[in-house]
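Trainee: Pasting a structure below so you can have a look.
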Amino acid sequence: MNWYLHFIDLLILAFVIVLARHTFLRGRFFLHIFQQHGYKLNEYWHWLFDNWNRRVVTPEHILYNIVIVVLLFVMSNTVTGSTAIVILSLFGIFWFAPFNYYGNEEVKKPLVFTPRMIRLTVPFVILSLLLPILVTYISYSGRIPFTGYGLKNQGLYAADMYLLGFGWVFANALIPFLIFIAGTLTKPIEAYVHRHFIKLAQKKLSQMPELTVIAITGSYGKTSTKFMIRDLLSERYAVCSTPGSYNTPMGICKVINNDLEAQHQVLVLEMGARYEGNIDELCDIAEPDISVVTNVGVAHLETFGSQDAIARTKSTIVSRTQPNGKAVLNADDKRVHAMAELRDDLEITKVGLEKGDIRGTNIQYGPDGMQFTVTSNGDSETFNMKLLGSHNVQNMLLAVGVARALDIRLTTMAMAASRIAPVEHRLELKKQGELTVIDDAFNSNPVGARNAVETLSAFDTGRRIIITPGMIELGELQAEKNYQFGVQIGEADLDLAVLVGQQQTKPIKEGIASTDFDMQKVQTVNSLNEANEKVQDFAQNGDIILYENDLPDSFNE
């Protein structure tokens, strides 16, 4: 009999270890999702709602509690306590030992324990441990803390498995909701931290009156345009700029407080927005001397509600430009073009492929990048760049507009442009043996997707292949935009289209089918790994492969 009691002990211990591991991994996963959604509780809630049955209250949670109900109320007269322990332990171990919330794919943007995440994690961990520790103590000791009540069973092998099992699984199910409590508890702390860093940044800028502040906004192309402006201006000026996609209040404050130094003459900032009023918040920190607007698209349409609301928000950067300052606008975008009417005291420069004071023409592609002609005020210069895509020509024209405003010559700009390296995962030209790879995996948008397909179709050195899951986060327009994307693929006369995700890519497939494209050249797969295997079997030396868009870790079909 002793061996059986030891076996029961080990089963209970294994159950607790498995649930503790699963709870830890599940907590880490939801912290990651919360961070990916910018620590915004409303956006996090929308993600939970969209993934309710897959990740929030999962089949394991429901099935385990069904087993408890059956044992307690249907089979209570036939199942002994030790048998119930064996059944509940084994079911728990079997259902909760696996953890594949990321779909066995490599995490693209891992969880980063920033100071803010650490402040959030502390109360979250405490909340997560309360119920498991409580039910474990009650189950093993037979005593209910702070009361005179107790349970019949005491000791490890006689633990109340019903209470232990239900408590651990219920605590596991509560994990995503505890983030709401932790986020609410830390909200006053975060507000204080924000105010503190904003005041420091404002004070530092007030002590540098000679500094020229350049701010860029737009639905797409902000980061690329920012880096181009930085590289062109660096030919003459000491430039400080925000890295990567640092375009939030805290990202901007971090650069100003930590990276901006007395010798810098120019500060280049990227200003992002997901809601109306966001640009105003950023301009409260640093009002630009020169404002740049790339375009008005449908990115974040879910949070803005309409393209007109997006345009209103983006136009704030022009309205908030310093008196007698300058603005560089995309003349090819009608909503951006109209922003020139907002101020009559600004020096406005319009740029574009079709119209504007600064024009880009004669775009040609080759294995080393692209070549085009820039014309400004009667001067013209040939630019050679390692970048690809007409949208990158447009971004360069915006950078040329800023550099012109600061009296840099076109020949100097052309030399600087030739040295610009591609932004990682944004139409980045790579070599993979004898294959040419165009890496445009950074979350795509309708404009970027169209430009990428146009770029791929312009190559004539080999067969042209696209791998894509399409676009997300476009609200009610998502199916329509993916359908249009499919039409563009079909009209591009490619040699192979590999669509990733059976449900996600249905509109793309329908769009392709509406053209004369040979549907035998369309293959739908379930994962990027499977797509790569298909392409490896198909590709030959000299072929060009476009990776268009890569779904974020928080996406589940």
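Taken together, the values in this text are just the output of simple stated rules run on the coordinates, not laboratory data. In this text, all values refer to a predicted model and were calculated from it rather than measured experimentally. Please note: Cβ atoms are built from the backbone with ideal geometry, for glycine as well, and neighbour counts cover all protein chains shown.
Trainee: Tell me, rounded to the nearest percent, the portion of alpha carbon pairs in segment 2-190 spaced more than 22 Å apart. Each step should come with its number before you reach the end.
Mentor: Values: 9177 of 17766 pairs.
For segment 2-190, the share of Cα pairs beyond 22 Å comes to 52 percent.
Trainee: Okay, moving on. What distance in nm lies between label points placed 7 Å from Cα along the C-beta direction at residue 41 and residue 234?
Mentor: 4.2 nm
Trainee: Please give the length that would be gained between residue 261 and residue 460 if that part of the chain were fully extended, namely 0.36 nm times their separation in residues minus their C-alpha to C-alpha distance (nm, one decimal).
Mentor: Numbers: separation 199, 0.36 × 199 = 71.64 nm, distance 4.77 nm.
Going from the current span to full extension adds 66.9 nm.
Trainee: Still on this structure: Could you tell me which residue out of 238, 290, 262 lies farthest along the dipole of segment 163-315 toward its positive end? Charges go on the beta carbon: Lys and Arg +1, Asp and Glu -1, centred on the Cα centre.
Mentor: 262
Trainee: I need the semi-axes of the equivalent ellipsoid of the chain: take the C-alpha gyration tensor, multiply each eigenvalue by 5, square-root it, list largest first in whole angstrom.
Mentor: Values: eigenvalues 561, 190, 67 Å².
That gives 53, 31, 18 Å for the three semi-axes.
Trainee: Right, another one. Specify, per residue and in Å³, the volume enclosed by the convex hull of the alpha carbon atoms belonging to segment 210-418.
Mentor: Enclosed volume per residue, from the Cα hull, is 114 Å³.
Trainee: Counting only helical runs of four or more DSSP H residues, what would the 222 nm mean residue ellipticity of the chain come to if each run contributes -39,500 (n - 2.57) and the total is spread over all its residues? Walk me through the numbers before you get to the answer.
Mentor: Values: 18 runs with 267 residues, N = 557.
-15500 deg cm²/dmol, from helical runs alone.
Trainee: Over the Cα atoms of segment 428-548, what radius of gyration and what Dmax do you get, in Å?
Mentor: 13.1, 41
Trainee: Okay, next question. How big is the dipole moment of the chain about its Cα centre under a simple scheme where the beta carbon of each Lys and Arg is +1, that of each Asp and Glu is -1, and everything else is neutral? Debye, nearest 20, please.
Mentor: Details: 48 positive and 58 negative charges, 376 e Å.
Here the size comes out at about 1800 debye.
Trainee: Let me know the charge dipole size of segment 467-557 about its Cα centre in debye, to the nearest 20, where only the beta-carbon of Lys, Arg (+1) and Asp, Glu (-1) is charged. Display every interim value, and only then the final one.
Mentor: Working: 5 positive and 17 negative charges, 27 e Å.
For this selection, approximately 140 debye.
Trainee: Please give the FRET efficiency for residue 412 paired with residue 204, using the beta carbon to beta carbon distance and R0 = 25 Å, rounded to the nearest 0.05. Walk me through the numbers before you get to the answer.
Mentor: On the way: r = 30 Å, r/R0 = 1.20.
Step by step, r from the Cβ atoms, then E = 0.25.
Trainee: Further question on the same structure: Kirkwood hydrodynamic radius, segment 1-70, all distinct C-alpha pairs: what's the number in Å?
Mentor: Result for segment 1-70, one decimal place: 14.6 Å.
Trainee: A further question follows. Mind checking the angle between helix 528-538 and the chain's longest principal axis? C-alpha axes, 0 to 90 degrees, to the nearest 10.
Mentor: That works out to roughly 60 degrees.
Trainee: For the chain, calculate the relative contact order in percent as a whole number, restricting contacts to Cα pairs under 8 Å that are 6 or more residues apart. Spell out each step's value before the answer.
Mentor: Working: 946 pairs, mean separation 57.0, N = 557.
10 percent.
Trainee: Strictly over 20 Å apart at the Cα level, which of 40/109; 386/430; 203/314; 109/534; 386/509 would you flag in this model?
Mentor: Numbers: 40/109 17 Å; 386/430 10 Å; 203/314 25 Å; 109/534 26 Å; 386/509 32 Å.
Where the Cα-Cα span goes over 20 Å, the pairs concerned are 203/314; 109/534; 386/509.
Trainee: Just tell me which lysines come within less than 25 Å, Cα to Cα, of residue 204; anything on the same chain fewer than 8 places away is out.
Mentor: 222, 226, 254, 326
Trainee: I need the GluC sites (Glu not before Pro) found in segment 412-475, filtered to DSSP loop residues with at most 13 other beta carbons within 10 Å of theirs.
Mentor: Details: sites: 424, 428, 434, 454, 473; in loops: 424, 434, 473.
Passing both the DSSP loop test and the Cβ count: 424, 434.
Trainee: I would also like to ask the following. What is the distance in Å between the Cα centres of segment 231-297 and segment 419-447?
Mentor: Centre-to-centre distance over Cα atoms comes out at 25 Å.
Trainee: Sorted from fewest to most neighbouring beta carbons within 10 Å, what does the list 95, 45, 52 look like?
Mentor: Numbers: 95 19, 45 15, 52 12.
Listing 95, 45, 52 from fewest to most nearby Cβ atoms yields 52, 45, 95.
Trainee: Let me ask another. Do any GluC sites (Glu not before Pro) in segment 185-240 lie in a loop, going by DSSP, with at most 13 other beta-carbon atoms within 10 Å of their beta carbon, and if so which? Walk me through the numbers on the way to the answer.
Mentor: Numbers: sites: 190, 210, 235; in loops: 210, 235.
Counting only loop positions with at most 13 other Cβ atoms within 10 Å, the GluC sites (Glu not before Pro) in segment 185-240 are 210.
Trainee: Moving to a separate point now. Within the set of other residues whose C-beta is less than 12 Å from the C-beta of residue 211, count the net charge using Lys and Arg as +1 and Asp and Glu as -1. Can you show the working numbers first?
Mentor: Working: positive: 204; negative: 210, 261, 287, 289.
Charge balance in the 12 Å sphere: -3.
Trainee: Here's something else I'd like to know. Counting alpha carbon pairs within less than 8 Å and at least 6 residues apart, what relative contact order, in whole percent, applies to segment 428-548? Show your work: numbers first, answer last.
Mentor: Numbers: 220 pairs, mean separation 46.3, N = 121.
Computed over segment 428-548, the figure is 38 percent.
Trainee: With axes computed from alpha carbons, what is the tilt in degrees of helix 307-319 against the longest principal axis of the chain, rounded to the nearest 10 within 0 to 90?
Mentor: The angle comes out at about 60 degrees.
Trainee: Related question: Using the number of other C-beta atoms within 10 angstrom as an exposure proxy, rank 255, 169, 74 with the fewest first. Before the final figure, lay out the partial values.
Mentor: Numbers: 255 21, 169 26, 74 10.
Lowest count first: 74, 255, 169.
Trainee: Quick one: compute the contact order of segment 2-190, relative version, from alpha carbon pairs under 8 angstrom and 6+ residues apart, as a percent. Before the final figure, lay out each step's value.
Mentor: Numbers: 165 pairs, mean separation 63.2, N = 189.
The normalised contact order for segment 2-190 reaches 33 percent.
Trainee: In addition: For segment 298-425, take the alpha-carbon Rg, divide it by the Kirkwood Rh, and send me Rg/Rh.
Mentor: Numbers: Rg = 15.7 Å, Rh = 15.7 Å.
Dividing the radius of gyration by the Kirkwood radius yields 1.00.
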